[in-house]
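Just below is one structure, and these are the notes that go with it.
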Amino acid sequence: MVGLDDIIKYTFPLRLLYVEDNEHARESMMNVLEEFFGDVVIASDGQEGLEFFSNNKIDLIITDINMPRLNGLEMIKEIRKIDTEVSILILSAYNESSFFLDSIKLGVDGYLLKPIVISQFMEILKKVTQRIKFKQEAEKNLHLLHQYQEATDLSAIVSKANLAGDITYVNDEFCEISEYTEEELLGKPHSIVRHPDNSGSIFEDMWETIKTKKETWKGIVRNKKKNGDSYYVDTMVKPILNADNEIVEYISLRTDITNIMSPKKQLEDMIDSNDESLLVLMKIDRFDDIEKFYGSRLAQEIEDEFSKYILKEMPIKCEFDRVFILGDGEYAFVKDMQTCKMEMTGVAKNLKELQKIINDEHINIGDIDYDISVLISFAYGKNVFQNARYGLKQILENNQDFILANNLVQKEHVEAQKNLETLQMVQRALKDSRIISYFQPIINNKTKEIEKYESLVRLVDENGKVHSPYFFLDTAKKAKYYYQITNMVLENSFRALQSTDKDISMNISILDIERRLTREKIFELLGANSKDLHRIVFELLEDEDVKDFNLIKSFVAEVKSMGVKIAIDDFGSGYSNFERLLDYQPDLLKIDGTLVKNIENDELSLNLVESMISFAKKQNIALIAEYVENENIFNILKDMGVEYSQGYYFGKPGVLE
């Protein structure tokens, strides 16, 4: 699974052209784009976007559809006349689905639905940046190939073939390793040197890649010499194209890897030759005990005999054509995912059935039957060897016998590395007092005047980049730094009381209230700002994991008695308990933004908000709507009786002047 840091590593050097005519939409989207791209160029309509693209190098385009002058599709059509390869993403609303067919014909790379969902955005970015990365690498490799062509011919095993696959050229290294003369090879198919133990799927994939896709194929091939001996070559086969993109011949470059091809090495190279693999690691349970009881020679015989048995018994629908004996009673089977005809659930079922058969059978050597039981770890996709190996380790540690080991190592490593880097960033920011507060205005819907500001935490890194809590707060909660961040945000927020005569709203979590030192800090700050207590709002984020509800209730009652107002944040997001709300006696309810942003087009969201308004009116509680992005949303909420609005339509978070 590719993480956020990996995506940013590839997106940040790219130059992005962002085309959007709606100013508020641009501002909202830029807050997301600036996290991923170091160079973002904005165009306000399709004509401006086309002009900029015509005169500048652009790596990626994100565009709206409905725009003045040239719309998004018209702009893309003109851009495709200039460049057929540049990656393009369309930013569309639900009501623009009629344009999808036209956009597909224009070769766009993907679609982003408004409003942006960060997980969807990251997934699409991952795919697009991978394409850009692969394209750049291919261009680089082709350039190098031209430069080193002569040197390669002197050092590599080289052959050429015509469209039928017959050999038209071999160099001296080819003749030397195969022990055939040039005359014996020319005009013959390459099968003259291929070992019969190769899987036919290898060459099916090769021809599909080089002939149909016209792409370069790479893989490990087992060949045979004239005398029948085997040798292994790391092989690259490339179709040679003319100016009309027609194949005129094939060239193949090989490296002899026979001497380094231990079973483990052969296994790893075969995995590397596939885009995605299915790998099964099987281990004889308590093999060390077998060696101690029967001796190393007999244990070796059992190991060899068992390898023949399991290869014969492997599931037919996802057949493996070779077993790798890795030693110490461990075996591996690998297959290109493209050649596996079965879904992974079916593979797992067959492997479990095989495991049961093996555990119920005996291995016969001489006159003696040996009971064998096996442990199985399998993985599919990428990085399968490390994952399956880690799966075996988990099986042994947890007294299991079967595991699907996908992404075990990757998840642990990526998450640990990301968390470490984030914590180091937080630690440095705390040390240098770079935990700051941005303030977003909250508007009275009747007067459209600012009555409150919400304090929102931000982290400024050593390069001056401002990070939203999405990128660091959850990680900080797993370490001691969260409480230090809370203290610094509280100090920033109370200090802001001196910069404005408006209310200041601060987020207080259940974790904050349950921690004694944080409660003491809150009451210390309340005491130091006694004249302004009526302008303080504590926003409580509901949490289903409350350890001591009576403590929370007591805290809320005490601060309310001092004049502080209480708001419930993200009301309607999932933990809303009306009875508990009555216990808190809040002054304000903040309607969850996921409901507000869909209120224009989603009847369920509209009905839920109406229910909240009805409840709040009966309890004399004021409502604040978050995520108010445009005038239409504002008017709907105002007409429904919501008292306050907060969102980019009125102002985005910033420094309080």
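The values are calculated or read from the model by the stated rules, or taken from the named source; none is laboratory data. Note that this is a predicted model, so its numbers are computed, not measured. Cβ atoms come from the backbone with ideal geometry, glycine included; neighbour counts cover every protein chain shown.
Would a scan of the stretch 561-572 turn up a residue that is of a type in the set (D, E, K, R), in contact with a Leu (Cβ under 7 Å, 6 or more places away or on another chain) and at pLDDT 90 or above?
Taking every residue of the stretch 561-572 in turn, at least one turns out to be of a type in the set (D, E, K, R), in contact with a Leu (Cβ under 7 Å, 6 or more places away or on another chain) and at pLDDT 90 or above.
How many of the residues in the stretch 589-607 are more than 15 Å from residue 639 (Cα to Cα), touching a helix residue (DSSP H, G or I) at 6+ places or on another chain (Cβ under 7 Å) and either among the acidic types (Asp, Glu) or buried (at least 17 other Cβ atoms within 10 Å of the Cβ) (or both)?
5
Quick one: residue 441 ticks every box in (1) more than 17 Å from residue 280 (Cβ to Cβ); (2) in a loop (DSSP other than H, G, I, E, B); (3) in contact with a Gly (Cβ under 7 Å, 6 or more places away or on another chain); (4) not hydroxyl-bearing (Ser, Thr, Tyr) bar one, so which box is it?
Unmet for residue 441, out of (1) more than 17 Å from residue 280 (Cβ to Cβ); (2) in a loop (DSSP other than H, G, I, E, B); (3) in contact with a Gly (Cβ under 7 Å, 6 or more places away or on another chain); (4) not hydroxyl-bearing (Ser, Thr, Tyr): (2).
Could you list, in sequence order, the residues of the stretch 265-303 that are under 20 Å from residue 218 (Cβ atoms), touching a strand residue (DSSP E or B) at 6+ places or on another chain (Cβ under 7 Å) and not polar (S, T, N, Q)?
Within the stretch 265-303, 267, 269, 270, 271, 276, 278, 279 meet the criteria.
Suppose the filter is assigned to a loop (DSSP other than H, G, I, E, B) and assigned by TED's automatic domain parsing to the domain that holds residue 527; does residue 479 pass it?
yes
From the set of residues in the stretch 351-376 that are touching a residue at least 60 places away in the same chain (Cβ under 8 Å) and in contact with a Phe, Trp or Tyr (Cβ under 7 Å, 6 or more places away or on another chain), which is surrounded by the fewest Cβ atoms within 10 Å (Cβ to Cβ)?
Only one residue fits best here, namely 363.
Can you find, within the stretch 218-267, the residue that is farthest from residue 189 (Cα to Cα) among those that are assigned to a helix (DSSP H, G or I) and over 36 Å from the mean Cα position of the chain (by Cα)?
259
Taking the options 405, 379, 348, name whichever one is surrounded by 13 or more Cβ atoms within 10 Å (Cβ to Cβ), out of contact with any helix residue (DSSP H, G or I) (no Cβ under 7 Å at 6 or more places or on another chain) and farther than 30 Å from residue 489 by Cβ.
One residue alone meets the criteria, 348.
Matching residues to (1) in a strand (DSSP E or B); (2) of a type in the set (Ser, Thr, Tyr); (3) within 24 Å of residue 31 (Cα to Cα); (4) assigned by TED's automatic domain parsing to the domain that holds residue 586:
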| residue | (1), (2), (3), (4) |
| --- | --- |
| 483 | no, yes, no, yes |
| 493 | no, yes, yes, yes |
| 506 | yes, no, yes, yes |
| 537 | yes, no, no, yes |
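So which of 69, 26 is at positive phi, surrounded by fewer than 21 Cβ atoms within 10 Å (Cβ to Cβ) and assigned by TED's automatic domain parsing to the domain that holds residue 108?
Just a single option satisfies the conditions, and that option is 69.
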